Every structure is written in C-alpha cells, then in structure tokens.
1. Between Glu144 and Arg35, what is the FRET efficiency for a Förster distance of 22 Å, r being their Cβ-Cβ separation, to the nearest 0.05?
2. Taking amide H positions as placed in the peptide plane 1.01 Å from N, state which residues far from Val97 in sequence (5 or more) or on other chains have amide H under 5 Å from it.
3. Per residue, how large is the accessible surface of segment 2-144? Use a 1.4 angstrom probe and give square angstrom.
4. In 5 Å bins starting at zero, report the fraction of Cα pairs in the chain per bin as a rounded %.
5. Can you give the charge dipole size of segment 58-129 about its Cα centre, rounded to the nearest 20 debye, using +1 on the beta carbon of Lys and Arg and -1 on the beta carbon of Asp and Glu?
6. Using a 10 Å Cβ count of at most 16 others and DSSP loop calls, identify the longest part of the chain lacking such trypsin sites (Lys or Arg not before Pro).
7. How high is the relative contact order of the chain? Use alpha-carbon pairs under 8 Å, at least six apart in sequence, and give a whole percent.
8. State the percentage of accessible surface on the chain attributable to carbon and sulfur atoms; use a 1.4 Å probe and exclude ligands, DNA and RNA.
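The values are calculated or read from the model by the stated rules, or taken from the named source; none is laboratory data. None of these values were measured; they are calculated from a predicted model. Note: ideal-geometry Cβ built from the backbone for every residue, glycine included; neighbour counts use all protein chains shown. Surface areas here come from the heavy atoms of the whole protein model, side chains and all, with no ligands, DNA or RNA. Shrake-Rupley method; radii C 1.70, N 1.55, O 1.52, S 1.80 Å.
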Amino acid sequence: MRVLVLNGPNLNLLGSREPEIYGHETLADIEEGMRGHAEGLDIEIEFVQSNHEGGLIDAIHDHRDWDGIILNPAGYSHTSIALADAIAGASAPVVEVHLSNVHKREAFRQHSYVSAVAWGQVVGFGYRGYHAALDLLHSRYHAEQPA
Ligand code: DQA
C-alpha cells in the first residue's frame, strides 16, 4: 500500500508559525512520526510540501493511482478549483486534514473546495489528524482487498 502525504503553503513553517493555532511540532517532526506509524502498518509513505498551487497539482497527478493521499491544502482549500479538479481526476482516495478546527475560525475558512471531492475530512486534532487519516486509509485499503 502506498500513501502520499501532501502539505500546502506555509506548512513548511510549522513549529514557528502561529504555534497557538497550529501546534509546536515542525513539519519534519510530523513526517518522522508518520514514517514510524506507516512502517508499523506496512505502508510505503512519501512526503511532499509545496507553497505553489501547481506544485500540489503536479504531486496529485504523479500519485493519482496510489492507494491514498493525505492532503492539507492549507490556504488553497478555500480558493482552489484547480486543486479540486486534480483530486476529482485521481483514483486515489483523498483525506483532507486541517490541524486547526477551521469551523471555529473565520468564515472564509469554513468552505473548502477540496471537501466536495475528498473521501473525508479530519479537522481540528493537530498533528494527530494525519495519523488518524493514515489509519482510515489503511482500513479502507484492507477492507477493499479480500484476504
Ligand atoms: C490549515 C487551515 C487553513 O485555513 C490555513 O490557511 C492553513 C492551515 C490547518 O491545517 O489548520 O494554512 O489548513
């Protein structure tokens, strides 16, 4: 099973960027924790972060037939039809993750173009949301693959 973890703009600054909202873990901390979790589940995992809409779209294209994509589209969640189109064209199920509970924040964060084309969303659990997303993709994959 292969899973891509894709993080959008400004998430390279996690740890120092508004830690009261996004937590103290750096992106490298999160990726290291996920690598261990993936190893335990026998999942091949890859990480991509881009501050550019086109970079995120290219990464979705390149992994479109993988067994899952965990995506935090960050600010592009609320603006990008192109990103939603890329997901709609991919066979990989996408779990949209937000570290913060976007539903408790500004009104403009309460709509995501990605949600309509994602398999589901995990929102507001900090870095733990990425781990939950990995578990969810793992159960989906194994439910779909009869022993
Ligand atoms: C975010 C929420 C977005 O609204 C914001 O633009 C981000 C991070 C989150 O993980 O909580 O950059 O996706």
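1. 0.35
2. Leu71, Asn72, Val122
3. That works out to 48 Å² for each residue.
4. 2, 10, 21, 25, 22, 14, 5, 1, 0, 0
5. 420
6. 18-63
7. After rounding, I find 25 percent.
8. 49
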